[in-house]
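This report concerns only the one structure given below.
Nothing in this text is a laboratory measurement; each read-out follows from the coordinates by a stated rule. Worth saying up front: this structure is predicted, and the values here are computed from it rather than measured. Using ideal geometry, Cβ is built from the backbone for each residue, glycine included, and neighbour counts are taken over all protein chains shown.
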Amino acid sequence: EELRIYGYNNVEDSTSKRYGVASGNIEVDRSQETVAELLTGSGYNEIMLNSISQSSYYSGAKEVTILNPLNADLNVLRSNLLYGALEVVERNQNHQRPDLKLYEFGRSYEKKNKDHDEAGQYYERQLLGITLSGKLEEESWQGDGGNASYYALKGAVMQIFNRLGIGKPGVEEQDDSGHSLQGQSMTILKKRVAVLGAVRKSVLKKFGIKSPVYYAEINWDQVQALLNVNKIRHKELARFPEVRRDLALLIDKATRYESLRAVAVKTEKKILKAVNIFDVYEGDKIGEGKKSYALSFTFQDDSKTLTDKEVDDVIESLKRAYISEFGAEIR
């Protein structure tokens with residue numbers, strides 16, 4: 001009270017001190033900031049939502065219930081970031097703002113066992129949620145901006161993986177359709193890092209959303225674990241030229257590009273630098289249950305210029321591997 005009357009500004013500070021606040025994990029903050037800048041630069045808006053959610057959104061199996069909620073509707077901790085994002089989509093569409101590109105870093109909470117509420121019996125995960133709806137870009141004389149799609153969402157996720165340098169070992173995709181999403185999951189080095197797809201119409205109906213919504217959820221804890229495994233390495237620029245060869249394969253419709261790429265890397269580990277798919281064809285002309293893939297292969301030797309014979313020998317080995325593994329027909 002005496003200081004208040006005397007005036008805090010009149011109290012002289014006899015020493016010069018500086019205080020700093022250090023984050024618990026600087027690397028986590030840096031990677032999160034990197035991805036936030038990437039998404040913001042791509043036209044996304046960051047959202048920050050409440051961790052308290054409505055129990056009616058969830059199945060009730062493993063949600064963490066609040067013992068004394070201030071609101072009867074907000075009575076559980078969220079176990080994902082999807083439903084909060086859908087609330088944002090609903091509100092914006094009701095205010096004639098249907099074109100949305102959103103992302104959120106946040107935590108989710110779940111019980112380890114649905115029958116126990118003891119301390120220490122909970123999972124807490126750091127997640128990154130990405131939401132797309134409406135047009136991807138503003139309309140202009142150059143085009144209508146394009147509609148949100150699964151492939152636009154997948155491109156954003158892969159862009160994040162490549163920016164962080166964790167996509168190099170290869171991303172495996174599996175069909176993974178759950179209660180809320182119809183899509184796929186992504187795995188890197190046997191770690192399930194993301195799930196993405198179209199939000200089911202039955203879920204959208206509960207929120208009164210009529211337009212399609214696409215959503216991806218990245219397990220940020222798994223991403224951090226992969227960052228510790230994959231270290232960035234530097235090397236001098238190659239002194240010898242690259243050589244490219246193309247192959248057209250007629251294969252079963254169920255065969256995935258990732259499987260073809262894995263066989264190529266397994267077959268030639270020394271001079272094969274890159275595998276890419278640049279054309280896919282499906283139609284009556286190639287038979288039922290079949291599709292045609294056009295693949296490009298890039299070869300390079302760090303110690304010498306490759307000869308045509310060396311490259312041709314590798315291409316023949318790849319042909320034999322594809323015929324043996326997939327029953328492919330070389331076109």
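Details
- Structure-based [θ]222 nm, the chain - -39500 (n - 2.57) summed over DSSP H runs of at least 4, per residue, nearest 500: -9000 deg cm²/dmol
- The angle between the Cα long axis of helix 257-267 and the main principal axis of the chain comes to about 60°, on a 0 to 90 degree scale.
- Axis of helix 308-326 versus longest Cα principal axis of the chain: the two differ by about 70°, to the nearest ten degrees.
- Based on the Stokes-Einstein relation at 37 °C and a viscosity of 0.692 mPa s, and on the Kirkwood radius from alpha carbon pairs, the chain is assigned a translational diffusion coefficient of 137 µm²/s.
- Extending 7 Å from Cα along the Cβ direction at Thr307 and again at Ala36 yields two label points whose distance is 5.7 nm.
- Residue separation of Asn94 and Lys290 scaled by 0.36 nm, minus their Cα-Cα distance, works out to 66.1 nm of gained length.
- Residues Met48, Met186 arranged by fewest to most Cβ contacts within 10 Å: Met48, Met186
- Long-range HN-HN contacts of Asn147 with modeled amide H, under 5 Å: Leu136
- Within the listed set Ile218, Ile130, Ile66, the residue fluctuating most in the Gaussian network model of the chain (springs between alpha-carbon atoms under 10 angstrom) is Ile66.
- Stokes-Einstein D (µm²/s) once Rh is taken as the Kirkwood radius of the stretch 45-93 over alpha-carbon pairs, at 37 °C in 0.692 mPa s: 285
- Tally of Lys pairs whose C-alpha atoms are under 19 Å apart, taken over the stretch 243-330, 8 or more apart or cross-chain: 17
- Inverse mean reciprocal Cα-Cα distance (Kirkwood Rh) of the stretch 256-331, Å: 13.6
- Likely footprinting exposure, His179, His234, fewest C-beta neighbours within 10 Å first: His234, His179
- Asn45-Tyr151 FRET efficiency (beta carbon distance; Förster radius 25 Å; 0.05 resolution): 0.75
- Among residues other than Lys206 with Cβ under 13 Å from its Cβ, the summed charge is +2 (Lys and Arg +1, Asp and Glu -1).
- Projected label points at Asn9 and Lys253, each 7 Å from Cα along the beta carbon direction, are separated by 7.8 nanometres.
- The stretch 170-187 residues near the modelled Lys269 label - backbone nitrogen below 12 Å, point 7 Å along Cα→Cβ: none
- Residue separation of His234 and Glu316 scaled by 0.36 nm, minus their Cα-Cα distance, works out to 26.3 nm of gained length.
- Using θ = phi - 60° and Karplus 6.51 cos²θ - 1.76 cosθ + 1.60, couplings along the stretch 34-43 (whole Hz; Gly, Pro as x): 4, 5, 4, 5, 4, 5, 4, x, 8, x
- Ascending count of other beta-carbon atoms within 10 Å, so fewest first, for Lys168, Lys135: Lys168, Lys135
- Debye-sum result for the stretch 187-331 in log10 I(q)/I(0), which assumes one identical scatterer on each alpha carbon, at q = 0.17, 0.19 Å⁻¹: -1.08, -1.14
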